[in-house]
Amino acid sequence: MIALTCKLAGSLCIMAAAATFGESKARALTLRVKQLEQFQRSLKLLSVEISFNRALLPYAFRAVARQLEPPLDELYGAAAANLLAGDERSAKEIWDSALAEMYPRSSLTLADREIVASLGVSLGVSDQEGQLKQIGLTLQHLEIALETAREQRQRNEKMWRYLGLAGGATLVILLL
């Protein structure tokens, strides 16, 4: 009787772990789409801060950070703090550093990170018009990445959920 109870409890644990794994993979796909949408929004806000409010870069970053959710607020907040602190590095280096700190806590892919990192090319180096052009170019690249992420989510979200359950069931059958 005890052996049967232990087998049943073990089987339930395996099924729960496999289902949780599948759910976490599916959730990561949804979170990536959400974060790419938030990046688009942040770049539009940054564009407004630079063009209409004529805010200097650190203040524009700080204003954008206040309107975002984690982990993207951390990216803009860290970049603003380092720029305001008189960090000796260039704006691109500060942007890249803040992006490297935020990246592990995000659901973005390496390709997404490269798109966002490309924004740093013109930060603090070119004039207002050059920065706005770079923001527009980054927005276009993000739109393509977002479309791809939505397709991947639509195609793979259910698959990961079912794969988690099926994999757990298979493992339970093999172990019994």
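Anything in segment 150-176 that is over 32 Å from the mean Cα position of the chain (by Cα), exposed (fewer than 13 other Cβ atoms within 10 Å of the Cβ), assigned to a helix (DSSP H, G or I) and in contact (Cβ under 8 Å) with a residue 24 or more places away in the chain? List them, or say none.
LEU175
Quick one: which residue in LEU132, LEU119 is within 27 Å of ALA28 (Cβ to Cβ), touching a residue at least 24 places away in the same chain (Cβ under 8 Å) and not aromatic (Phe, Trp, Tyr)?
LEU119
Does ALA60 count as over 30 Å from GLY164 (Cβ atoms), of a type outside the set (Val, Ile, Thr) and modelled with pLDDT under 95? Spell out how you get there, then give the answer.
On the way: over 30 Å from GLY164 (Cβ atoms): yes; of a type outside the set (Val, Ile, Thr): yes; modelled with pLDDT under 95: yes.
Considered against the rule, which asks whether it is over 30 Å from GLY164 (Cβ atoms), of a type outside the set (Val, Ile, Thr) and modelled with pLDDT under 95, ALA60 comes out as yes.
Among the listed residues MET15, MET1, identify the single one that is of a type outside the set (Val, Ile, Thr), crowded, with 17+ Cβ neighbours inside 10 Å, farther than 29 Å from GLY130 by Cβ and modelled with pLDDT under 95. I'd like the intermediate steps shown before the answer.
Working: MET1 fails: crowded, with 17+ Cβ neighbours inside 10 Å.
Checking each option against the conditions leaves just MET15.
Got at least one residue in segment 101-111 being within 14 Å of SER42 (Cβ to Cβ), surrounded by 13 or more Cβ atoms within 10 Å (Cβ to Cβ) and β-branched (Val, Ile, Thr)?
No.
How many residues does segment 60-90 contain that are in a helix (DSSP H, G or I), touching a residue at least 24 places away in the same chain (Cβ under 8 Å) and surrounded by 15 or more Cβ atoms within 10 Å (Cβ to Cβ)? Even if it seems obvious, please write down each step before you answer.
Restricting attention to segment 60-90, the residues satisfying the condition of being in a helix (DSSP H, G or I) are 60-65, 72-84.
With touching a residue at least 24 places away in the same chain (Cβ under 8 Å) added as a condition, the list becomes 72, 74-76, 78, 83-84.
When the remaining residues are screened for being surrounded by 15 or more Cβ atoms within 10 Å (Cβ to Cβ), the result is 72, 74-76, 78, 83.
Within segment 60-90, residues that are in a helix (DSSP H, G or I), touching a residue at least 24 places away in the same chain (Cβ under 8 Å) and surrounded by 15 or more Cβ atoms within 10 Å (Cβ to Cβ) number 6.
Filter segment 35-59 for residues that are of a type outside the set (Gly, Ala, Ser), in contact (Cβ under 8 Å) with a residue 40 or more places away in the chain and in a helix (DSSP H, G or I) and give the result.
GLN35, LEU36, GLU37, PHE39, GLN40, LEU43, LYS44, LEU46, ILE50, LEU57
The values are calculated or read from the model by the stated rules, or taken from the named source; none is laboratory data. Keep in mind it's a predicted model, so treat the numbers as computed, not measured. As a convention, Cβ positions derive from the backbone with ideal geometry for all residues, glycine included, and neighbour counts pool all protein chains shown.
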